[in-house]
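> Below: one structure in structure tokens.
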Number of protein chains: 2
Amino acid sequence: MAEGQTGPGGESLLFLTDDQLRKGIEAMFFAYRGFTADPDRILAEKGYGRAHHRAIHFINRAPGTTVNNLLSILGVTKQSLNRVLRTLIEDGLVESRVGSRDKRERHLYLTETGEALEAELSTAQRARMRGAFRQAGPEAVSGFRQVLEAMMDNDMRRHYARLMDNG
Amino acid sequence: MAEGQTGPGGESLLFLTDDQLRKGIEAMFFAYRGFTADPDRILAEKGYGRAHHRAIHFINRAPGTTVNNLLSILGVTKQSLNRVLRTLIEDGLVESRVGSRDKRERHLYLTETGEALEAELSTAQRARMRGAFRQAGPEAVSGFRQVLEAMMDNDMRRHYARLMDNG
DNA sequence: AGTTTATGTCAGCCTTGTTGACATTCCAAG
DNA sequence: CTTGGAATGTCAACAAGGCTGACATAAACT
């Protein structure tokens, strides 16, 4: 089904065949492994996991963010995040400051040590992304980001857009 | 560092700034969540997880594949895969046939029930991919796949290429 | 006959997701 | 002002699905 149609306007829809879609799906699967491979190696050495990386990344992106905001970005339960945050705080990578306006809130910051790990992780991950971008070229990069953005759920796209504004 | 250089040939390297790379990284993170969201919901209803989906997908792609081949594609340990395969076989979604040439090997096939679940999962996942492809357009899709392929590790790219040939 | 290869299984550990129960803090309605 | 609900964060316990290591079996290769 859905093989090589042509739309009402006459534009080629070859890229929407089930076969093309399946290629996109498998590309996404294999590429995500490459995407996480380098940070995973670094994290494993230090006894951390991907969850720690995600927390560190977004704390670095928005220093002083609250636990609740982080929860919403990461899309996990607060209990799950809390476990990760606790080890990062114990290990001195993250600092948690009680909110001045609202004392229920905890504002999160990377310490110097935390920033060092963040730099190590993001340098490795950027190197991989840079290689892929360079190899594929600027046109391809633009398409890459368009498709990814269209693949997000609405709330994720909201978070994504907000981060793009800040950065 | 790496802000808006121009290469020796004069071509713009704006898309290789740390900022652009970071956007690519975050897009990849949020998009992968969308990518898995629909299958995850279906799987959760039936008491399966992503690991089962991956096994089902690649058995469907290459019926009769051996356990070892699947291990290499999925990049997990045999113990991990075995646990998943065992439940799929017990539940009658996958059939394991002893090899005729080499009786050590087990060749894996989806049963009718297995094919039904595969269809349900891949239909949902294709719908998401189709929406993203349609929204972004054929040029973007081409770029998307170029960047993803360039992001893979070599052995993943090998598996990917082999699957593309078959398909 | 002995070695290697492919597979399966058991036990046990870790990360990271989940839910449930609970403490603290804030705010607003009475 | 007090009290009750909402928001925020912590602790405990459990499950899925990674991992390693040890071991059994059977077939193939030398």
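> Taking interchain pairs and intrachain pairs at least six residues apart, which have beta carbon atoms under 6 angstrom, with the first residue in region A:87-113 and touching a residue at least 12 places away in the same chain (Cβ under 8 Å) and the second open to solvent by 80 Å² or more (accessible area, probe 1.4 Å) and assigned to a loop (DSSP other than H, G, I, E, B)?
Taking only residues 6 or more apart or on different chains, the pairs are A:109/A:63.
> Under the condition of being open to solvent by 20 Å² or more (accessible area, probe 1.4 Å) and at the interface with chain A (Cβ under 7 Å from one of its Cβ atoms), which residue from region B:158-167 is farthest from residue B:75 (Cα to Cα)?
So, considering only residues that are open to solvent by 20 Å² or more (accessible area, probe 1.4 Å) and at the interface with chain A (Cβ under 7 Å from one of its Cβ atoms), the one farthest from residue B:75 (Cα to Cα) is B:167.
> Let me ask something else about it. Report whether or not residue A:62 is away from DNA strand D (no atom under 16 Å from the Cβ) and among the small types (Gly, Ala, Ser). Steps first, please.
On the way: away from DNA strand D (no atom under 16 Å from the Cβ): no; among the small types (Gly, Ala, Ser): yes.
No; evaluated as a whole, the condition is false for this residue.
> Looking only at region B:93-102, which residues are near DNA strand C (Cβ under 9 Å from one of its atoms) and open to solvent by less than 80 Å² (accessible area, probe 1.4 Å)?
B:96, B:99, B:102, listed by residue number.
> One residue is enough: does region A:15-28 have a residue meeting the conditions open to solvent by 10 Å² or more (accessible area, probe 1.4 Å) and within 15 Å of DNA strand D (Cβ to nearest atom)?
no
> Also, I was wondering about something else. Restricting to region A:39-70, name every residue that is of a type in the set (A, V, I, L, M), near DNA strand C (Cβ under 9 Å from one of its atoms) and either buried (at least 19 other Cβ atoms within 10 Å of the Cβ) or within 14 Å of chain B (Cβ to nearest Cβ) (or both).
Across region A:39-70, the qualifying residues are A:43, A:51, A:55.
> Right, something else. Every residue in region B:32-75 that is touching a residue at least 24 places away in the same chain (Cβ under 8 Å) and aliphatic (A, V, I, L, M), please.
Passing the criteria: B:37, B:42, B:43, B:51, B:55, B:56, B:59, B:62, B:67, B:70, B:73.
> Okay, moving on. Tell me which of these residue B:140 doesn't satisfy, since it passes every other one: (1) crowded, with 21+ Cβ neighbours inside 10 Å; (2) out of contact with any helix residue (DSSP H, G or I) (no Cβ under 6 Å at 6 or more places or on another chain).
Going through (1) crowded, with 21+ Cβ neighbours inside 10 Å; (2) out of contact with any helix residue (DSSP H, G or I) (no Cβ under 6 Å at 6 or more places or on another chain) one by one, residue B:140 breaks only (2).
> Hey, could you check region A:144-155 for residues that are within 7 Å of another protein chain (Cβ to nearest Cβ) and open to solvent by 10 Å² or more (accessible area, probe 1.4 Å) and say which is nearest to residue B:147 (Cα to Cα)?
Top of the filtered list is A:145.
> Same structure again: Could you tell me whether region B:74-92 includes any residue that is acidic (Asp, Glu) and at pLDDT 95 or above?
no
> Could you tell me which of the residues A:90, A:105 is within 14 Å of DNA strand C (Cβ to nearest atom), on the phi < 0 side of the Ramachandran plot, acidic (Asp, Glu) and open to solvent by less than 100 Å² (accessible area, probe 1.4 Å)?
A:105
> State all residues of region A:93-143 that are within 7 Å of chain B (Cβ to nearest Cβ) and polar (S, T, N, Q); if no residue qualifies, say none.
Result: A:125, A:135, A:142.
> Can you pull out every residue in region A:71-82 that is within 17 Å of residue A:160 (Cα to Cα) and within 11 Å of DNA strand C (Cβ to nearest atom)?
Result: A:71, A:74, A:75, A:76.
The values are calculated or read from the model by the stated rules, or taken from the named source; none is laboratory data. For clarity, every value in this text was computed on a predicted model and none was experimentally measured. In this analysis, Cβ positions are derived from the backbone assuming ideal geometry, glycine residues included, and neighbour counts consider all displayed protein chains. Protein only, heavy atoms only, side chains kept; ligands, DNA and RNA dropped before computing areas. Shrake-Rupley method; radii C 1.70, N 1.55, O 1.52, S 1.80 Å.
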